[in-house]
Amino acid sequence: MNDGTIATVRLGDTGPEVGVQGLGCMGMSFAYGPSDAHESRATLERALELGVTLYDTADAYGAGDNERFLSPFFTAHRDEVVIATKFALSIPPEDPTRRVIRNDPSYIRQAVEASLKRLGVDVIDLYYMHRRDVNVPIEETVGVMSELVREGKVTYLGLSEVTADELRAAHSVHPVTAVQSEWSLFSRDIEARVVPAARELGVALVPYSPLGRGFLTGSFVNAEQDLTADDFRRGQPRFTGANASANAALLEPVRTVAEAHGASLGQIALAWVQQQAAVHDLTVVPIPGTRRPGRVEENTAATGITLTQDELALLQPVATKVAGDRYADMTFTSAGRE
Ligand SMILES: NC(=O)c1ccc[n+]([C@@H]2O[C@H](COP(=O)([O-])OP(=O)(O)OC[C@H]3O[C@@H](n4cnc5c(N)ncnc54)[C@H](OP(=O)(O)O)[C@@H]3O)[C@@H](O)[C@H]2O)c1
């Protein structure tokens with residue numbers, strides 16, 4: 001765009017018009033070490049100036065802290081932002097390594113009221129089921145979510161980390177606007193079944209961790225050596241031990257492409273995931289996470305980069321060589337159930 005703002009796109013067949021890149025807000029309160037509230041607020045404002053309208057949070061991020069932190073920004077810009085939050089997941093304070101997943105109706109009703117209160121808004125624009133509780137039929141979960149739409153508490157529905165079959169079952173109950181899953185040069189398993197199902201149903205894909213949790217920018221290699229003691233990535237198999245150095249070597253083709261474009265590694269990673277919209281013929285709105293205004297400028301500028309067929313071919317094998325799983329506990333993801 002001539003004025004430096006990013007293009008817009010409709011979020012799937014049923015969703016709102018949004019900036020073609022969103023902003024992941026999780027790191028402002030959770031998971032990635034200490035953050036500076038002043039700088040995070042400046043990041044939110046800069047993103048909005050650049051045309052970013054989809055802001056991603058969850059009730060689980062800092063046990064509600066992230067939603068509370070975002071509330072003043074959201075309420076100040078209520079008509080300009082699309083607020084996406086999630087339910088289903090909680091982290092017991094007595095054991096932060098554990099995850100409790102609930103999709104049952106009473107839990108969802110309690111979760112939505114708590115999120116609305118923390119966010120300080122009357123309606124959540126896009127409400128995601130964060131993780132699937134296999135003990136509750138997905139039709140029942142989406143049935144309750146659709147009641148929230150009828151009651152005006154929620155406008156659009158989303159699902160995170162679901163299988164293609166779960167997406168189809170959910171969509172038969174109520175239109176699903178977006179599926180959020182990890183999708184990047186390092187994580188491409190959703191391309192086999194979830195992406196084709198989303199295309200067929202007119203559901204948008206919202207890739208999370210499109211920068212491979214920062215690894216694809218080259219800003220760290222070994223999480224145990226390079227990141228602070230409280231950083232979640234220190235427990236992830238891809239970023240530790242021999243895997244970390246093997247995976248760092250995989251950035252070479254990304255570097256080659258970056259040099260050809262006079263771009264950063266992160267910009268090529270974002271351009272690649274954005275370009276999957278054309279490759280797979282569906283809407284793709286990545287949500288890179290950052291807490292720094294300069295990085296929002298860098299990341300949004302990637303929407304202007306188009307990779308050639310030769311460059312896409314050079315990057316094609318990268319994901320097949322990645323060492324280590326996406327999570328330490330893969331039963332916590334859709335891949336574990338496919
Ligand atoms: N649905 C789910 O289960 C799920 C799971 C994970 C994440 N998410 C969502 O997806 C969002 C994005 O994912 P993510 O934050 O995990 O990973 P990501 O976007 O792949 O990477 C974020 C990391 O990259 C760094 N970074 C961002 N831009 C950079 C740049 N231009 N140069 C160098 N480093 C840069 C950030 O550091 P700084 O912040 O210091 O800039 C942060 O450490 C989250 O914020 C969250 O909203 C959803």
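FYI, it's all coordinate maths here, none of it is from the lab. Just so it is clear, the structure is predicted and the values come from calculations on it, not from any experiment. Cβ placement follows ideal geometry from the backbone for every residue including glycine, while neighbour counts extend to all protein chains displayed.
In loop segments of region 79-116 as defined by DSSP, the GluC sites (Glu not before Pro) with at most 13 further C-beta atoms inside 10 Å of their C-beta are Glu80, Glu94.
If you build a Gaussian network model of the chain, linking Cα atoms that sit under 10 Å apart, which residue out of Pro288, Pro96, Pro175 swings the most? Checking each option, the largest mean-square fluctuation is seen for Pro96. Dividing the Cα radius of gyration of region 8-337 by 2.2 N^0.38 Å, with N the residue count, gives 0.93.
For region 175-285, the orientation-averaged shadow of the C-alpha convex hull comes to 7.7 nm² (one quarter of the hull surface).
Taken as entire DSSP H runs, the helices of the chain that both span 20 Å or more between Cα atoms along their own long axis and average 0.5 or more on the Kyte-Doolittle scale are 265-280. Mean silhouette area of region 74-130, derived from the convex hull of its C-alpha atoms and averaged over all directions, reads 4.5 nm². With a cut-off of 19 Å on the backbone N, no residue of region 176-213 is near the modelled label site 7 Å out from Ala313 along Cα-Cβ.
Pull out a ≥ b ≥ c, the square roots of the eigenvalues of the alpha-carbon gyration tensor of region 18-67, then state rounded if a/c is under 1.5, prolate if not and a/b is larger than b/c, and oblate in the remaining case. It comes out oblate by the Cα gyration axes. Taking a straight line from the alpha carbon of Lys153, these lysines sit under 24 Å away, with near neighbours fewer than eight places off in the same chain left out: Lys86, Lys117.
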